[in-house]
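The values are calculated or read from the model by the stated rules, or taken from the named source; none is laboratory data. These numbers come from a predicted model, not from an experiment. Here the Cβ is made from the backbone with ideal geometry for all residues, glycine too, and neighbour counts use every protein chain on show.
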Amino acid sequence: MVKMNVKCIPCIIAVRVRELNMLPLDDRKIFYILNHIIKYLAHYTTPEINMTRLATQAFRILKKLSGFSDPYVKEKSLANKTALVIAEEMNNYINSLKGYEKTIFLLKLATLGNALDFGIAGYHYNIKQVVSEISTMNIALNNIPKLMELIIKSKKIAYLLDNAGEAIFDKLLIEELASLGKDVVVIVKSGSFQNDITFKEARELGFHEKARLLETKSDASSIFIDEISRETLDEILSADLIIAKGMAHYEYLSSEKFLKKPVAYLLKAKCEVIANDLNVPIGSYVIKIEVP
């Protein structure tokens, strides 16, 4: 369970400042928005609050006051286009893999994809360099054998998407799960949160062609139980296995234990707080299973 850490506050502010500087805003407007974000954090930050709820609300304030409903739209489009090219280049190799060897490779690739993230202060990536790590990636917490066992036994899998760019590699894994006869339900945000993929973008990329694509009806960083649509929540709760991509889902779901189903967290520990919680070095890849 991830506990609120004071180090998360400067991270949230730093990322919001970076986003404000990305947008065509004058200094007066930037300071006006930042003032509202800092006031919110000062008022609502407590040791008990879930850190990703703070990040979500801070981003909502930025969107509302700036007038930009999707500040990362250009960055997300570029990340998806670049990842599509890389996925195409890997296609022959992926198709040469047989049986569960292919599934395991795509699990690793989907986990590796979580390195493609704009939302962490002080963290940067190069998409081509990231993908070149596939043969040497350090999965410091590696529950692949248990995850494969759960995949084989599951009839229905709920897959919670995270970042754009990385979602292209998720799609390869989702299509493989579907080819294994699994009923895959893909869960994606309705509105924008940082560089996370949205329902509209996922549909444009064809996620609905091999799986069922459902939106949360929220722009929250994770599937906040008080915001997600009842229909989508019911689909998640009826799954045999939940695959949750990224740190925000881990921050929220490992604390709010309402799913009562096995959850596989696939992520890169990109900050000290998450790395310490998982007891892995910063920068490690993680495939962690939580079973109720």
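Among the residues making up the range 33-67, a single one is surrounded by fewer than 18 Cβ atoms within 10 Å (Cβ to Cβ), touching a residue at least 40 places away in the same chain (Cβ under 8 Å) and hydrophobic (A, V, I, L, M, F, W, C): Ile49.
Of the residues making up the range 183-215, those that are small (Gly, Ala, Ser) and assigned to a helix (DSSP H, G or I) number 1.
Go through the range 259-278 and give me each residue that's in contact (Cβ under 8 Å) with a residue 24 or more places away in the chain, among the aliphatic types (A, V, I, L, M) and part of a helix (DSSP H, G or I). Across the range 259-278, the qualifying residues are Val273, Ile274, Leu278. Within the range 279-292, the set of residues being assigned to a loop (DSSP other than H, G, I, E, B) and either of a type in the set (Asp, Glu) or under 15 Å from Ile139 (Cα atoms) (or both) comprises Asn279, Val280, Pro281, Ile282, Gly283, Ser284.
Of everything in the range 1-32 that is more than 24 Å from Tyr265 (Cβ to Cβ) and basic (Lys, Arg), the residue that is surrounded by the fewest Cβ atoms within 10 Å (Cβ to Cβ) is Arg28. Would you please name the residue that is nearest to Arg212 (Cα to Cα), looking only at residues in the range 239-256 that are surrounded by fewer than 22 Cβ atoms within 10 Å (Cβ to Cβ) and of a type in the set (Ser, Thr, Tyr)? The extreme case among them is Ser254. Any idea how many residues of the range 17-44 are part of a helix (DSSP H, G or I) and either touching a Pro at 6+ places or on another chain (Cβ under 7 Å) or assigned by TED's automatic domain parsing to the domain that holds Ile225 (or both)? Residues that pass the stated criteria total 2. Residues in the range 45-71 that are of a type outside the set (Lys, Arg) and part of a helix (DSSP H, G or I): Met51, Thr52, Leu54, Ala55, Thr56, Gln57, Ala58, Phe59, Ile61, Leu62, Leu65, Ser66. Of all the residues in the range 152-171, those that are in a helix (DSSP H, G or I) and either modelled with pLDDT under 95 or buried (at least 24 other Cβ atoms within 10 Å of the Cβ) (or both) number 6. Selection within the range 257-289: residues that are of a type outside the set (A, V, I, L, M) and under 17 Å from the mean Cα position of the chain (by Cα). The member of this set that is surrounded by the fewest Cβ atoms within 10 Å (Cβ to Cβ) is Gly283. Residue check: Glu89 meets all listed conditions (1) surrounded by fewer than 20 Cβ atoms within 10 Å (Cβ to Cβ); (2) within 27 Å of Glu272 (Cα to Cα); (3) at pLDDT below 95 but one, namely (2). For the range 220-252, which residues satisfy the criterion of being touching a residue at least 40 places away in the same chain (Cβ under 8 Å) and in a loop (DSSP other than H, G, I, E, B)? Result: Ala220, Ser221, Ser222, Ile223, Phe224, Ser238, Ala239, Asp240, Gly246.
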